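First up is the structure itself, then whatever we jot down about it.
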Amino acid sequence: MNYARRRRLARARQWLVDHDNRATFTILYITLALVLSMAISMFWLAAVVAAHGIIEYWALGRNGVDDRRLGRTLWHIKLDIALVLAALWLGLYIDLLFGIAGLSAAARTGAQATARFVAWQRTIRGVLLATDEAALAAKAALGNNGKDSVQTPQKRDIPPRPWRQRWSIGDWLTMGSIAILLVMILAAPLMTDHSVAEAIAILAEDLHPWPY
């Protein structure tokens, strides 16, 4: 019994170490990110991303990679971070977007109009999430080619710091998106009708685990 338990624990640890090359992890990750964030709140999307970061940080340690482990982890999940920032940006700018579309705040008063507004917001956010999750799935599929396979710590050379290597187009797009989204989130009181307090309240509501 103890032997069987040790084998299960060993397989579980190996699954976590090699999670980026596991289709089951990708499917589970995308499903949790979409379902929890759409059905409950953005807090759970942030929680799923944080869990991915914790797993990656631990896996790097198991593989003997201690050099700039936190930086490597953040670089690894940068697309996930961009997703969270995009969702928060949408919460702050949704009124402006609907205003550009010709739906003024006055046109959205009343319970029925409010329900339609929330439905539209969920639809836009769902498209945004689905697009980003498709990018994550593509990244996982393209990365599963064997060149990043897990080795034992004794035989594994410490890989170079990825941010010091030549950036791909995807790296530039992701980092550029993170920078733009951060600036727009911070500048929301200047670019929208929200005051600083209102912007903070919107972010707090989006990141509340049980908003209802």
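Things worth noting here:
- Scanning the range 23-66 for residues that are closer than 26 Å to Arg11 by Cα, open to solvent by less than 50 Å² (accessible area, probe 1.4 Å) and part of a loop (DSSP other than H, G, I, E, B) returns Asn63, Gly64, Val65.
- There is at least one residue in the range 76-95 that is in contact with a Pro (Cβ under 9 Å, 6 or more places away or on another chain) and open to solvent by 30 Å² or more (accessible area, probe 1.4 Å).
- Subset of the range 32-76 (residues that are in contact with a Lys or Arg (Cβ under 9 Å, 6 or more places away or on another chain), among the aromatic types (Phe, Trp, Tyr) and in contact (Cβ under 8 Å) with a residue 60 or more places away in the chain): Trp75
- For the range 97-112, the count of residues that are at pLDDT 85 or above, touching a helix residue (DSSP H, G or I) at 6+ places or on another chain (Cβ under 8 Å) and farther than 27 Å from Leu186 by Cβ is zero.
The values are calculated or read from the model by the stated rules, or taken from the named source; none is laboratory data. All of these numbers come straight from a predicted model, not from anything done at the bench. Note: ideal-geometry Cβ built from the backbone for every residue, glycine included; neighbour counts use all protein chains shown. Note: accessible area is taken over every heavy atom of the protein model, side chains too, but ligands, DNA and RNA are not part of it. Shrake-Rupley method; radii C 1.70, N 1.55, O 1.52, S 1.80 Å.
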